[in-house]
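Asker: This is the structure, below, for whatever I ask next.
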Amino acid sequence: MWLRTECNLTFDITIPTPFILMLRPRNDLSQWVAKQAYTITPNVPVTEYTDSFGNACQRLVAPVGTFSVSTSATVLTSPAPIGDRWAGFNDVETLPNEVLGYLLPSRYCESDRFVEMAHSIVTGCVPGYEQVAAIENWIRTHVRFNPDSMYFQLSATEVNQSREGVCRELAHLGIAMCRSLCIPARMVVGYLHGLTPMDMHAWFEAYVGGRWYTFDATQPDSSGARVAIAFGHDASDVATFTQFGPAVPPKSMTVDVREIAPPEDVTP
């Protein structure tokens, strides 16, 4: 499926403020970025680098006044992998080196606190994909996804207590429980076609059967067309914008994702 993604951010800056932005979609086996545009107003020097997770990051200093960032991309996405209940558990000693870090507790995913709870949820499940699917379904059933929730920037422990949160909170809980079972799990931030209300979105992926699978407890199922921007241990690694200095929330933020016809001037 071809998707057109857009994100527009506007800030009122009171003092020169360093930013790290993470707004370029990834290019990998699951998606191909055919075109993209990135406009910063007013024009300021920008340095781009790749972080330790392979995410494209942009560094800049926003000047005093109205500061805006507009991005768009034309992306060819692959269908989400079909859930395979027989995608088995990978023994830790067989995991690729680059996956091992996703087994450890992190700032928002205190996996060491969920061992007993996670084991109770997956009782009777085939080790691997079926266990993660049971965790996803438990969260979908027991934790309310509320895009307007007053509970924000919660850890997995906190969202388990509140039983409500935005997408990143539900993802934190899923990640923590997977890691407590020695199943690698990571946070993904990006776009989801058909999301209501439309916004940036977060979900998690678990490594079973030798590959990463998508799980999203905020939706009826995890099959929707997605465009990934960044991967990381938890939300602290995948913020679309990070400010250094006085916190200035966006004055406005709009996100749009729509299906488009295959562009005639690109060849995948």
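The values are calculated or read from the model by the stated rules, or taken from the named source; none is laboratory data. Since the model is a prediction, treat every value here as computed from it, not as a measurement. Reconstructed Cβ throughout: ideal geometry from the backbone, glycine too, with neighbour counts over all protein chains shown.
Asker: Output the residue which, of all residues in segment 16-35 that are surrounded by fewer than 16 Cβ atoms within 10 Å (Cβ to Cβ) and within 21 Å of residue 232 (Cβ to Cβ), is modelled with the highest pLDDT.
Answerer: 18
Asker: For the structure I just gave you, tell me whether residue 75 is closer than 23 Å to residue 21 by Cα and either part of a loop (DSSP other than H, G, I, E, B) or in contact with a strand residue (DSSP E or B) (Cβ under 6 Å, 6 or more places away or on another chain) (or both).
Answerer: yes
Asker: Looking at 184, 197, 220, 250, which is the one that is assigned by TED's automatic domain parsing to the domain that holds residue 32 and of a type outside the set (Lys, Arg)?
Answerer: The conditions single out 250.
Asker: Also, quick follow-up: All but one of (1) surrounded by 23 or more Cβ atoms within 10 Å (Cβ to Cβ); (2) aliphatic (A, V, I, L, M); (3) within 21 Å of residue 8 (Cα to Cα) hold for residue 187; which doesn't?
Answerer: (3)
Asker: Return a yes/no flag: does segment 44-51 have any residue that is at pLDDT below 95 and either of a type in the set (A, V, I, L, M) or closer than 20 Å to residue 8 by Cα (or both).
Answerer: no
Asker: While we're on this one: For segment 150-173, give me the residue count where each residue is in a loop (DSSP other than H, G, I, E, B), among the polar types (S, T, N, Q) and buried (at least 16 other Cβ atoms within 10 Å of the Cβ).
Answerer: Qualifying residue count for the region: 1.
Asker: Applying the selection to segment 86-98, what residues are within 14 Å of residue 182 (Cα to Cα) and not in a loop (DSSP other than H, G, I, E, B)?
Answerer: Correct list: 88, 92, 93, 94.
Asker: OK, next. Any idea which of 101, 83 is surrounded by 13 or more Cβ atoms within 10 Å (Cβ to Cβ), not in a loop (DSSP other than H, G, I, E, B) and not aromatic (Phe, Trp, Tyr)?
Answerer: 101
Asker: Scan segment 232-250 residue by residue and report those that are surrounded by 15 or more Cβ atoms within 10 Å (Cβ to Cβ) and part of a strand (DSSP E or B).
Answerer: 232, 241, 243
Asker: Can you name the residue in segment 185-197 that is outside any strand (DSSP E or B) and under 15 Å from the mean Cα position of the chain (by Cα) and, of all such residues, is farthest from residue 218 (Cα to Cα)?
Answerer: Restricting to residues being outside any strand (DSSP E or B) and under 15 Å from the mean Cα position of the chain (by Cα), the top hit is 193.
Asker: Please go through segment 40-55 and give me each residue that is in contact with a Phe, Trp or Tyr (Cβ under 9 Å, 6 or more places away or on another chain) and either in contact (Cβ under 8 Å) with a residue 40 or more places away in the chain or within 16 Å of residue 234 (Cβ to Cβ) (or both), ordered by number.
Answerer: Correct list: 53, 54, 55.
Every residue, every condition in (1) farther than 21 Å from residue 192 by Cβ; (2) among the hydroxyl-bearing types (Ser, Thr, Tyr), yes or no:
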residue: 3; (1), (2): no, no
residue: 24; (1), (2): no, no
residue: 27; (1), (2): no, no
residue: 36; (1), (2): no, no
residue: 42; (1), (2): yes, no
residue: 57; (1), (2): yes, no
residue: 65; (1), (2): yes, no
residue: 75; (1), (2): no, no
residue: 78; (1), (2): no, yes
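Asker: Quick one: is residue 122 aliphatic (A, V, I, L, M) and either assigned by TED's automatic domain parsing to the domain that holds residue 249 or within 18 Å of residue 205 (Cα to Cα) (or both)?
Answerer: yes
Asker: Still on this model: Checking the conditions here, which among 11, 67 is modelled with pLDDT of 95 or more, aromatic (Phe, Trp, Tyr) and in contact with a Pro (Cβ under 7 Å, 6 or more places away or on another chain)?
Answerer: Matching residue, one of 11, 67: 11.
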